[in-house]
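Here's the structure, in structure tokens; my notes come after.
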Amino acid sequence: MLDLLDHLVHAYGSKVDYLQIRIEQAQGTDIALRGDLVETLSETLSVGGHVRTCHNGGWGFASFNRLADLEARLEEAIAAARLTGTEQTLLAPVEPVRRVTGLRLVGRDPRLVPLAEKKALCDHYNAILRAGSPRVASTTVRYGDSHQKVFIATSEGTLLEQEWVDLEMRFAATARDGATVQTGRETHGSRRGFDDLLDLDAKVRAAAERAVAALSLPPVRGGIYTVVIDPILTGLFVHEAFGHLSEADMAYENPDLLEVMSLGRRFGPSSLNILDGALPDGHRGSYAFDDEGVPATTTHLIRNGELVGRLHSRETAGKLEETPTGNARCLDYTYPPIVRMTNTWIERGDVSVADLPVGVHEGVYARNWLGGMTNGEMFTFTAGEAWMIRDGKIAEPVRDVTLSGNVFQTLADIEAIGDDFEWDESGGCGKGGQDGLAVGCGGPSLRIRNVVVGGAAP
């Protein structure tokens, strides 16, 4: 395969400023249970690819799922780039690479696990959810695994082969008591192997127990509070609320955002450090090279409270005269790579977790998450479970806790950063129609003042 691609990029590369061919071999399993019903039970196998070309700043893209169509798609992408290009092609320079990277699995390869065993695992976890209480009204279990082998060749001399396996399971139990409905959820992801999805009984049981317990809890009283959040909520916050704003295509297409996200600007306390990178091994956003063949890096986004970096493709790095970071990713061969996060995290601090509520007269302690949304710099997240903080101590549990705010103000309002740290490997990121891209996120517990907490009217 690599020899064929090398031949084609040499044969066609002189017609444009830049040419890339990406071929993908993929297979996977998808299982979805809803109560007694099997909604999905499928195995897929696909081969396809795409061609990207750039000429005078104009891009051409064509995808295909028959290798016999490759040369025709090459001609189409080249023609499109030559028709649309009216400026200078600006791609940040990178050293060409010639490399083959293999799978690095710790457990069993999911491709070698029978479909019946995967279905039995889903049934087992579904039974745990349903056995929790007669007040559990509905349950869902979702299993997914995928293997991708990718071949990349460029007109600049890169010739690359790499592959990975990704796995994820999602569990949810919805409990009902009259008109009151509560949901408990858990998600578990891995790139280590099928065995990472075993022995999750306690985690699954806890999801159902939280849903049932929340039925009898009082709703939180809405207001502005000092909030302590756990590492899982920290990971969600740093990914959704800040990470997307660090993707350079968001900035160079929006002059106002580029001004707000100007390097050197202070965004938080001097103890705040935020990073993103595919280089740390073993996480769901980890890889050796991105989908442009750029080596993985670790990028400091905020260092000691100041914005010092952003995430790039070669094009965004070229247009902003910065260095590529290896963050150009595509969900599969039907899409072009765009700037995406990989593993995003806040570094641990030096405040004991036990000390985070100390000094808070009335506040909220929130753990885990049920969902959330962002709109530019504004965010709203729903906590999986929560407690009131009273006179510096964790007090009674409450429900229906949503946390809202402006990300820039919230970063500035971080009062303390815990000395704990936890990764959340449950992420499936969406952007530009490419939903479900595997990412990792994490961080320590945080104490943040002036957070808007939605709930019952005071």
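Brief remarks on what is shown
- Counting 0.36 nm for each residue step from LEU90 to THR334 and taking away their Cα separation leaves a gain of 85.4 nm.
- The chain: angle of helix 201-214 to the longest principal axis, Cα-based, in degrees nearest 10: 50
- Alpha-carbon geometry of region 1-109: the Rg and the Dmax are 18.8, 58 Å, given in that order.
- Legend: calculated FRET efficiency, HIS124 to LEU263, from the Cβ-Cβ distance at R0 = 56 Å, rounded to 0.05, equals 0.65.
- Amide H within-cut-off set for ASN327, under 5 Å, with H built and near neighbours excluded: HIS312
- Euclidean distance of C-alpha centroids, region 1-19 and region 102-176, integer Å: 35
- The angle separating the long axis of helix 115-130 from the principal Cα axis of greatest extent in the chain is about 20 degrees.
- Unit Cα scatterers, Debye sum, region 152-192: log10 I(q)/I(0) for q = 0.26, 0.27, 0.32 Å⁻¹: -0.88, -0.90, -1.02
- For the pair GLU306 and ARG449, the difference between a 0.36 nm per residue extended length and the Cα-Cα distance amounts to 49.5 nm.
- Under 5 Å from the amide H of ALA62 lie the amide H atoms of VAL51, each residue being 5 or more positions distant or on a separate chain, with H modelled from the backbone and absent for Pro and chain starts.
- Cut-off 14 Å (backbone N to label point 7 Å along Cα→Cβ of ALA395), residues of region 354-375: 358-365
- In degrees, nearest ten, helix 2-12 long axis to first principal axis of the chain (Cα): 60
- Among 158-171, 345-358, 107-120, sorting by the average number of other beta carbon atoms lying within 10 angstrom of each residue, highest first, gives 158-171, 345-358, 107-120.
- For region 264-284, the residues whose backbone nitrogen is under 16 Å from a point 7 Å from the Cα of VAL106, taken along Cα to Cβ, are 280-284.
- For region 405-458, the fraction of C-alpha pairs farther apart than 17 angstrom is 60 percent.
- Under 5 Å, built H, 5+ apart or other chain: amide partners of PHE289: ALA296
- Translational diffusion coefficient (Stokes-Einstein; Kirkwood radius from C-alpha pairs) of the chain at 20 °C, 1.002 mPa s, in µm²/s: 91
- Rounded to whole Hz, the Karplus (6.51, -1.76, 1.60) HN-Hα couplings of region 251-263, x for glycine and proline: 7, 6, 8, 9, x, 5, 5, 4, 5, 5, 8, 7, 4
Each reported figure results from applying straightforward, stated rules to the coordinates on display, with no laboratory input. Given the structure is predicted, the values throughout are model-derived calculations rather than measurements. Ideal geometry is used to build each Cβ from the backbone, glycine not excepted, and the neighbour counts take in all protein chains shown.
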